[in-house]
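The values are calculated or read from the model by the stated rules, or taken from the named source; none is laboratory data. What you see is a predicted model; the values in this text were computed from it and never measured. Note: ideal-geometry Cβ built from the backbone for every residue, glycine included; neighbour counts use all protein chains shown. Side chains included, ligands, DNA and RNA excluded: accessible areas come from the protein's heavy atoms. Shrake-Rupley method; radii C 1.70, N 1.55, O 1.52, S 1.80 Å.
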Amino acid sequence: MAVTVTADDERAEGARPLADDVPGPRSWQRAFGDLRQGWRQRPLWGYLGWQDIKQRYRRSVLGPLWISISMAVIATAMGILYGALFQEQIETFLPYVAVGLLIWNFISGCILEGSEVFIANEGLIRFLPAPLSLHVYRLVWRQTLFFLHNLVVWVILMIIFPHPLGWTTLVALPAFAVLVANGGWIAILTGIIATRFRDIPPIIASVTQLVFFMTPIVWSYERLVSNPAVAERARLAELNPALHFVEIMRQPMLGDPIVLRHWYVVGVITIVGWAAALVCLRNYRARVAYWV
Amino acid sequence: MRGVSTENGNGAPRIDIVDAGVDFPIFDAKSRSLKKAVLGKAGGRIGTESKVPIIEALRSINVSLRKGDRVALVGHNGAGKSTLLRLMSGIYEPTRGRSFVHGKVAPVFDLAVGMDPEISGLDNILIRGLFLGMTKKQMEARIDDIAEFTELGDYLSMPLRTYSTGMRVRLALGVVTSIDPEILLLDEGIGAVDAEFLAKARDRLFELVERSGILVFASHSDEFLADLCETAIWMDHGTIREHGPLREVLHHYKGHDVLAEFESR
Ligand SMILES: Nc1ncnc2c1ncn2[C@@H]1O[C@H](COP(=O)(O)OP(=O)(O)O)[C@@H](O)[C@H]1O
Ligand SMILES: [Mg+2]
């Protein structure tokens with residue numbers, strides 16, 4: 001049976017029992033340690049995130065431009081189509097749709113890829129020791145790079161259709177930081193649950209699709225609310241969390257006045273979301289390697 | 001690394017595993033489904049339905065390793081060697097008991113993992129190095145050395161998908177043997193490289209072992225083990241059957257004195 005060879009003289013210093021002084025798998029210390037250690041590996045996920053982007057346009061003729069062009073085409077098509085449908089002015093509605101889509105792409109990217117973040121990295125998780133958060137940082141970083149890339153579309157639109165941009169436009173910076181922070185908890189929470197229950201990603205995908213149509217991206221909330229016939233029903237859209245996330249970012253980007261109500265809602269969601277994600281990380285972090 | 005060793009670098013590397021066990025849950029389509037789990041409970045059939053069968057891969061493991069330990073891991077297929085190595089690397093945290101690993105761990109389980117076919121050999125070297133705890137600078141300083149060892153030359157700037165299997169293995173071995181781990185965990189796969197290249201890799205492997213503080217090496221090659229290790233752990237059905245000097249453990253495991261036979265040759 002277990003005959004442990006011990007040259008006791010050599011080992012004396014390290015021989016103290018460890019059962020008490022080592023935090024167990026389900027401890028806050030380990031959970032926060034995971035986040036901290038993943039953060040320390042910035043060079044690794046920073047590099048991997050870049051690689052992910054390069055991958056996407058490696059084989060296309062237009063290279064890096066491709067991402068932004070396809071984005072611009074979709075935005076223009078939708079802007080024109082829905083603009084006609086809702087009888088909107090093209091010079092305000094096209095930038096409105098484009099910016100909304102830009103933000104939505106970031107949000108939905110974090111949600112859709114978030115639920116698969118650990119499943120997709122199965123090989124790495126099972127064969128190389130690394131903090132779980134590494135994969136989450138990489139994902140959010142990649143989505144951030146996509147967003148920054150697509151920002152070209154915004155710049156061009158602001159040149160073609162000038163908007164009253166000013167100091168308040170800078171509010172977009174903290175707004176984006178808040179979006180990024182929310183991408184983090186969403187990926188941790190849905191990622192862990194989806195690793196255990198594999199029917200989650202498709203459910204999340206259909207819900208996200210539904211939320212897209214319920215969020216004022218290709219339609220204008222103001223317009224609906226100002227129509228007395230549907231105003232009552234239109235206000236239900238406020239129950240959709242995505243509306244508030246899109247608004248805090250879109251308002252500064254289009255030079256619209258900032259509405260604090262959206263910030264309050266987003267603030268509460270951020271705190272509650274992170275609390276849930278941290279509890280999940282604490283309790284199931286060590287299980288993910290067994291579940292993937 | 002993940003969860004197990006929280007700080008690298010300061011203090012001597014050590015592995016302490018106390019009364020640890022590893023259980024693998026065996027999921028099927030039903031237990032993988034949230035819908036089924038929720039409906040199953042709502043229907044009042046909680047008992048056997050929600051129980052996921054379990055494979056007890058490791059049981060009552062007690063190991064304590066310190067700097068300088070070179071341990072061979074022997075045992076039949078399915079005895080738990082790979083699982084024990086993963087427990088030591090921190091990939092798996094024990095389902096029972098405790099494990100504490102301190103030091104920069106370099107596990108070598110599957111040479112292909114972490115390799116991206118679409119990016120160049122050089123990029124792959126860098127990424128693999130970063131995963132193994134090296135910095136970008138350290139890896140850049142080693143690239144010439146790796147290029148020379150792997151004999152890949154201009155191929156290094158080509159995407160990995162253009163490589164033959166043998167070339168990939170060279171690349172992976174080149175990276176692994178160029179790093180400075182404190183705890184080196186080698187699984188059997190590494191022996192499955194073509195003989196000619198292995199002869200060359202052998203010297204590097206020996207140097208690597210010299211550099212690393214702790215070595216645990218699972219292999220069926222007694223010759224390799226005799227060259228690299230001093231003690232041995234004999235795994236049997238998920239438990240440590242024996243842990244002692246290499247010669248004795250191999251003798252008991254094989255039923256004859258293997259090392260003496262090497263010496264008499
Ligand atoms: N991911 C896994 N899921 C379920 N069972 C596993 C898994 N990995 C290993 N096992 C089981 O654990 C036992 C030990 O496996 P392993 O450590 O790979 O043995 P060895 O490396 O000694 O051949 C085996 O019974 C194997 O079936
Ligand atoms: Mg094995």
- request: Specify the residue that is nearest to residue A:115 (Cα to Cα); the eligible residues are those in region A:170-211 that are among the aromatic types (Phe, Trp, Tyr) and within 15 Å of the chain's Cα centre (by Cα).
  value: A:185
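What about residue A:108, is it modelled with pLDDT of 90 or more and closer than 24 Å to residue A:32 by Cβ? Steps first, please.
Values: modelled with pLDDT of 90 or more: yes; closer than 24 Å to residue A:32 by Cβ: no.
No; evaluated as a whole, the condition is false for this residue.
Okay, residues lined up against (1) within 10 Å of another protein chain (Cβ to nearest Cβ); (2) within 16 Å of ligand 2 (Cβ to nearest atom); (3) aliphatic (A, V, I, L, M); (4) in contact with a strand residue (DSSP E or B) (Cβ under 9 Å, 6 or more places away or on another chain):
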site: B:85; (1), (2), (3), (4): no, yes, yes, yes
site: B:91; (1), (2), (3), (4): yes, yes, yes, yes
site: B:101; (1), (2), (3), (4): yes, no, yes, yes
site: B:105; (1), (2), (3), (4): yes, no, yes, yes
site: B:112; (1), (2), (3), (4): yes, yes, yes, no
site: B:127; (1), (2), (3), (4): yes, no, yes, no
site: B:130; (1), (2), (3), (4): yes, no, yes, no
site: B:143; (1), (2), (3), (4): no, no, yes, no
- prompt: When you scan region B:98-134, how many residues do you find that are open to solvent by 10 Å² or more (accessible area, probe 1.4 Å) and among the polar types (S, T, N, Q)?
  reply: 1
- prompt: Restricting attention to region B:38-93, and to residues there that are of a type in the set (Ser, Thr, Tyr) and away from ligand 1 (no atom under 16 Å from the Cβ), which single residue is modelled with the lowest pLDDT?
  reply: B:48
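For residue A:188, state whether it is in contact with a Leu (Cβ under 7 Å, 6 or more places away or on another chain), assigned to a helix (DSSP H, G or I) and surrounded by 15 or more Cβ atoms within 10 Å (Cβ to Cβ).
Numbers: in contact with a Leu (Cβ under 7 Å, 6 or more places away or on another chain): yes; assigned to a helix (DSSP H, G or I): yes; surrounded by 15 or more Cβ atoms within 10 Å (Cβ to Cβ): yes.
Criteria met by residue A:188.
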statement: For residue A:227, the lone unmet condition from (1) within 14 Å of chain B (Cβ to nearest Cβ); (2) more than 25 Å from residue A:150 (Cβ to Cβ) is (1)
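Let me confirm something: among B:178, B:164, which residue is under 21 Å from residue A:47 (Cα atoms), of a type outside the set (A, V, I, L, M), more than 16 Å from ligand 2 (Cβ to nearest atom) and away from chain A (no Cβ under 14 Å)? Reasoning before the result, please.
Details: B:164 fails: under 21 Å from residue A:47 (Cα atoms).
Exactly one residue qualifies, and that residue is B:178.
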Residue check for residue A:113: out of contact with any strand residue (DSSP E or B) (no Cβ under 7 Å at 6 or more places or on another chain), assigned to a helix (DSSP H, G or I), charged (D, E, K, R) and under 24 Å from residue A:164 (Cα atoms): no
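Return the only residue of B:149, B:109, B:131 being within 16 Å of ligand 1 (Cβ to nearest atom) and touching a helix residue (DSSP H, G or I) at 6+ places or on another chain (Cβ under 7 Å).
Values: B:149 fails: within 16 Å of ligand 1 (Cβ to nearest atom); B:131 fails: within 16 Å of ligand 1 (Cβ to nearest atom).
Answer to the selection: B:109.
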- prompt: Could you count how many residues in region A:199-215 are hydroxyl-bearing (Ser, Thr, Tyr), part of a helix (DSSP H, G or I) and in contact (Cβ under 8 Å) with a residue 40 or more places away in the chain?
  reply: 1
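I'd like the residue in region B:211-233 that is of a type in the set (Ser, Thr, Tyr) and not in a strand (DSSP E or B) and, out of all such residues, is most open to solvent (accessible area, probe 1.4 Å).
Residues of region B:211-233 of a type in the set (Ser, Thr, Tyr): B:212, B:219, B:221, B:231.
Next cut, not in a strand (DSSP E or B) only: B:212, B:219, B:221.
On the way: B:212: 3, B:219: 13, B:221: 44 Å².
Ranking the candidates gives B:221 first.
Yes or no: region B:177-187 includes at least one residue that is within 16 Å of ligand 1 (Cβ to nearest atom) and assigned to a loop (DSSP other than H, G, I, E, B).
So in region B:177-187, the residues within 16 Å of ligand 1 (Cβ to nearest atom) come out as B:185-187.
Pick out the ones that are also assigned to a loop (DSSP other than H, G, I, E, B) and you get B:187.
For region B:177-187, residues within 16 Å of ligand 1 (Cβ to nearest atom) and assigned to a loop (DSSP other than H, G, I, E, B): present.
Of everything in region B:63-79, what is within 13 Å of ligand 2 (Cβ to nearest atom) and either open to solvent by 10 Å² or more (accessible area, probe 1.4 Å) or more than 15 Å from residue B:235 (Cβ to Cβ) (or both)? Give them in sequence order.
In the first step, residues of region B:63-79 are kept if they are within 13 Å of ligand 2 (Cβ to nearest atom); the result is B:73-79.
Once the filter is applied, which keeps residues that are within 13 Å of ligand 2 (Cβ to nearest atom) and either open to solvent by 10 Å² or more (accessible area, probe 1.4 Å) or more than 15 Å from residue B:235 (Cβ to Cβ) (or both), region B:63-79 yields B:76, B:77, B:78.
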message: If residue A:30 meets every condition in (1) touching a residue at least 60 places away in the same chain (Cβ under 8 Å); (2) farther than 30 Å from residue A:243 by Cα; (3) more than 12 Å from every other protein chain (Cβ to nearest Cβ) apart from one, which number is that one?
response: (3)
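How many residues, within region B:139-160, are free of Cβ contacts under 8 Å to residues at least 40 places away in the same chain and within 25 Å of residue A:134 (Cα to Cα)? Let's see the steps before the verdict.
First pass over region B:139-160, keeping only residues free of Cβ contacts under 8 Å to residues at least 40 places away in the same chain: B:139-148, B:150-158.
So of that shortlist, the ones also within 25 Å of residue A:134 (Cα to Cα) come out as B:139-143.
Matching residues across region B:139-160 total 5.
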- request: Could you tell me which of the residues B:60, B:82 is hydroxyl-bearing (Ser, Thr, Tyr), surrounded by fewer than 17 Cβ atoms within 10 Å (Cβ to Cβ) and within 30 Å of residue A:23 (Cβ to Cβ)?
  value: B:60
- request: Run down A:257, A:252, A:241 and say which single residue is open to solvent by 70 Å² or more (accessible area, probe 1.4 Å), under 26 Å from the mean Cα position of the chain (by Cα) and modelled with pLDDT of 85 or more.
  value: A:257
- prompt: Has region A:285-292 got at least one residue that is away from ligand 2 (no atom under 16 Å from the Cβ), open to solvent by 20 Å² or more (accessible area, probe 1.4 Å), in contact (Cβ under 8 Å) with a residue 12 or more places away in the chain and in a helix (DSSP H, G or I)?
  reply: yes
query: Taking region A:268-284 as the region of interest, how many residues are touching a residue at least 24 places away in the same chain (Cβ under 8 Å), of a type in the set (Gly, Ala, Ser) and surrounded by fewer than 18 Cβ atoms within 10 Å (Cβ to Cβ)?
result: 1
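In this structure, is residue A:171 away from chain B (no Cβ under 14 Å) and modelled with pLDDT of 95 or more?
Values: away from chain B (no Cβ under 14 Å): yes; modelled with pLDDT of 95 or more: yes.
Taking the combined requirement at face value, the residue satisfies it.
Residues to consider are A:218, A:153; find the one that is open to solvent by less than 30 Å² (accessible area, probe 1.4 Å) and not in a loop (DSSP other than H, G, I, E, B). Can you show your working first?
Working: A:218 fails: not in a loop (DSSP other than H, G, I, E, B).
Going through A:218, A:153 in turn, the sole match is A:153.
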